[in-house]
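Report on the structure given below.
Values quoted throughout were computed directly from the atomic coordinates according to the rules given, and no laboratory measurement underlies them. Owing to the predicted nature of the structure, the values given are computational and were not obtained by experimental measurement. Glycine gets a Cβ as well: all are built from the backbone with ideal geometry, and neighbour counts include every protein chain shown.
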Amino acid sequence: MHSLYSRFNNATAFLSSCLMALLAAIALSSFLFTADPKGDIAIGSIQVLPGNARRYANKRQEFAFVNFNVTADLTSLFNWNTKQLFLYVSAEYTNQQGVANEVVIWDQIVHREEDARISVAGRNKYHFRELSASFRDVSPAFYTLKYNVMPYVGVLTYGEAARTPNPVPFPEQQQLS
Amino acid sequence: MQEHLQSLLEARIDFEGQRLVGQIVQLSLVAITIISFLLGFALQSLRVTFVTFGLSTAVLAVVVLPPWPMYNRHPVQFLPPKENKVKEGSRDTLAVPS
């Protein structure tokens, strides 16, 4: 402590400890906010259409097209430690082999609290395919709106904002005229 | 010239000053951390937290790092040098073998 360098060293060493404690306190403070907002998800229509698999041009595969409506007020998820929200709609079903699948078909990033009141009439953003190439004999699917809260400091937290009250069956494959 | 520059860069303070600086650093850094957390939590803004933390740390650096006169109020008092030390020593070494 007698020279400038040792004073600087001493002060910054303790400063880094204090900064770590501050960051830890901020990360822990996220657990004080226990908002659990609920919204609605409704499935408008589902179509199953044949198509070519992306990688193998001669392999036939079914694609599902889901139209859905999502409304939710997620502003309560924004607190001082929320950087952004990742919202996603996923379909949950059991396939012919009895494997429980969860397929993300749509997502959106919400940066600001003002944009957190969402009302979206959307269609699946990503190809909705079944691994066995067909949705025949697949169980009806629940559709859920889930969110992932991304903080500035701390842990990612997940939650479910909406779920279709009843599972929605996949229709028969339509033939393209 | 070089000695002057060196003492300016070293910015020495005395032992009492060292103790004082240590206490000031520890107390105020803990206080800064707590206050900036509470302020940011109350206003729900991480920006407030880190601006408070950064600015008050800068102020603390100005208070603590330069060799202010308040850290040099107790200079070390050295004993006066003994004039006959070399003579006594030589007499002693002579005295031991006899």
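Could you pull out the residue among A:Ala57, A:Ala64 that is more than 14 Å from chain B (Cβ to nearest Cβ) and surrounded by 13 or more Cβ atoms within 10 Å (Cβ to Cβ)? Show your work before the answer.
Details: A:Ala57 fails: surrounded by 13 or more Cβ atoms within 10 Å (Cβ to Cβ).
So the residue among A:Ala57, A:Ala64 that is more than 14 Å from chain B (Cβ to nearest Cβ) and surrounded by 13 or more Cβ atoms within 10 Å (Cβ to Cβ) is A:Ala64.
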Worksheet, complete the sentence: A:Leu15 vs (1) surrounded by 15 or more Cβ atoms within 10 Å (Cβ to Cβ); (2) farther than 23 Å from B:Gly22 by Cα: all pass except (2)
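Would you confirm, using the coordinates I've provided, whether A:Ala91 is buried (at least 17 other Cβ atoms within 10 Å of the Cβ) and within 15 Å of the chain's Cα centre (by Cα)? Talk me through it step by step, then tell me what you get.
Numbers: buried (at least 17 other Cβ atoms within 10 Å of the Cβ): yes; within 15 Å of the chain's Cα centre (by Cα): yes.
Criteria met by A:Ala91.
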Discussion item. Return the residues of segment A:24-40 that are loosely packed, with under 15 Cβ neighbours inside 10 Å and either at the interface with chain B (Cβ under 10 Å from one of its Cβ atoms) or assigned to a helix (DSSP H, G or I) (or both); say none if nothing qualifies.
Written reply: A:Ala24, A:Leu28, A:Phe31, A:Leu32
Discussion item. Name the residue that is surrounded by the fewest Cβ atoms within 10 Å (Cβ to Cβ), counting only residues in segment B:40-84 that are β-branched (Val, Ile, Thr), more than 9 Å from chain A (Cβ to nearest Cβ) and free of Cβ contacts under 8 Å to residues at least 40 places away in the same chain.
Written reply: B:Val62
Discussion item. When you check A:Leu74 against the structure, is it in contact (Cβ under 8 Å) with a residue 12 or more places away in the chain, away from every other protein chain (no Cβ under 14 Å), under 21 Å from A:Ser90 (Cβ atoms) and crowded, with 18+ Cβ neighbours inside 10 Å, yes or no?
Written reply: yes
Response to the item:
Exactly one of A:Gly154, A:Gly159 is part of a loop (DSSP other than H, G, I, E, B) and farther than 30 Å from A:Asn52 by Cα, and that one is A:Gly154
Worksheet item: In segment B:20-39, what residues are out of contact with any helix residue (DSSP H, G or I) (no Cβ under 6 Å at 6 or more places or on another chain), at the interface with chain A (Cβ under 8 Å from one of its Cβ atoms) and not small (Gly, Ala, Ser)?
Response: B:Gln26, B:Val30
